[in-house]
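The structure appears below as structure tokens.
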Amino acid sequence: MASDKETIVVNEQDLSFAREVAAQPGGEHIWRCFACGTCVAGCPMSEVEPGYSPRKIIRQILFGMRDEVLSSPMIWYCLICYRCYARCPQKVNFTDIMRVLRYLAVKGGYVQASVMDRCDSIDKLTNSVRRELVKRGFESGQDAFDQFREKVEAELGGLAT
Ligand code: SF4
Ligand code: SF4
């Protein structure tokens, strides 16, 4: 993905990319984005990964930076939590746009389909851990956290093979 300081030559970019994203369910309102950054401010992934910016990804799509976006690991970081969509004043559905990007990345051969399966496994694991933490986190037991750690380590060990 291009750095913030890199010059973008729009004429050399693939301007059909934005139209392709907008044609997919959920991508319709991408044109409405006015780069306010509200989505970044409320994004839990942006808090742990400062380089992750829904606003930046949308600008890159609109500038037609197909290769940079679809080959970036950033499109797999999204937690699909819909906080950005809920807060966006323009009702840009960035969460579903991320689904579209993943679909286009696999379809376009930018990433192996197995990556999607692995991300699905991680999503299920994190959702299950989150559910257990909410359910039992207030019960104080260190045992619960030890169990979660073992579960995560076992799952990540399986993913690394
Ligand atoms: S909150 Fe909406 S309008 Fe603002 S930058 Fe994000 S997607 Fe664009
Ligand atoms: S859906 Fe993705 S981009 Fe939107 S707030 Fe959640 S993690 Fe961030």
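The values are calculated or read from the model by the stated rules, or taken from the named source; none is laboratory data. It should be emphasised that the depicted structure is a prediction, and the values quoted were computed from it without experimental measurement. Note: ideal-geometry Cβ built from the backbone for every residue, glycine included; neighbour counts use all protein chains shown. The protein model used for the area step is the full one, side chains on, heavy atoms only, and it has no ligands, DNA or RNA in it. Shrake-Rupley method; radii C 1.70, N 1.55, O 1.52, S 1.80 Å.
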For this session: Take GLU49, GLU132, GLU153 and sort them by solvent-accessible surface of the protein heavy atoms, 1.4 Å probe, largest at the top.
Result: GLU153, GLU49, GLU132
Seminar exercise, completed: FRET efficiency for GLU20 and ARG136 from the Cβ-Cβ distance with R0 = 45 Å, rounded to 0.05, comes out at 0.55
Exercise. Using θ = phi - 60° and the Karplus curve 6.51 cos²θ - 1.76 cosθ + 1.60, what whole-Hz ³J(HN,Hα) does each residue of the range 104-115 get, with Gly and Pro shown as x?
Worked result: 5, 5, 5, 4, x, x, 6, 8, 6, 4, 5, 4
Exercise. Got a sec? What order do LEU104, LEU15 fall in by accessible area at 1.4 Å, biggest, i.e. largest, first?
Worked result: LEU15, LEU104
For this session: Compute the distance in nm between two label points, each set 7 Å from the Cα along the Cα-to-Cβ direction, one at LYS91 and one at ARG59.
Result: 2.6 nm
For this session: Report, largest value first, the span of the C-alpha coordinates of the range 10-111 along each principal axis, in whole Å.
Result: 31, 26, 24
Problem set entry | Computed accessible area, THR7, all protein chains, 1.4 angstrom probe, square angstrom | 110 Å²
